[in-house]
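Accompanying notes for the structure given below.
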């Protein structure tokens with residue numbers, strides 16, 4: 001019940017960040033501490049999204065379970081940049 005109450009709070013319009021873009025801006029969300037949802041209201045303007053995954057410890061949910069890695073081909077979303085270790 002507590003999780004349901006909190007979820008209903010964070011999705012209220014008054015708690016949602018609305019961003020007004022300017023040229024050359026970069027907006028970053030940290031999925032480990034942030035919920036986000038890209039609203040489809042940019043008319044006929046292109047929306048470019050690049051997803052970046054940073055190496056580090058495996059996130060743990062509020063229930064104590066570790067996150068699971070999703071494996072698959074995401075090349076149709078964007079090109080993959082390989083960074084040498």
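Every number here is computed from the coordinates shown, using simple stated rules; none is lab data. Every value quoted in this text rests on a predicted model; they were computed, and no experiment measured them. Counting neighbours? That spans all protein chains shown, and the Cβs are built from the backbone with ideal geometry, glycine included.
Structure summary
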{"read-out": "Calculated FRET efficiency for the pair residue 4/residue 70, C-beta based, R₀ 25 Å, to 0.05", "value": "0.50"}
{"read-out": "Least to most buried among 4, 48 (fewest other Cβ within 10 Å first)", "value": "48, 4"}
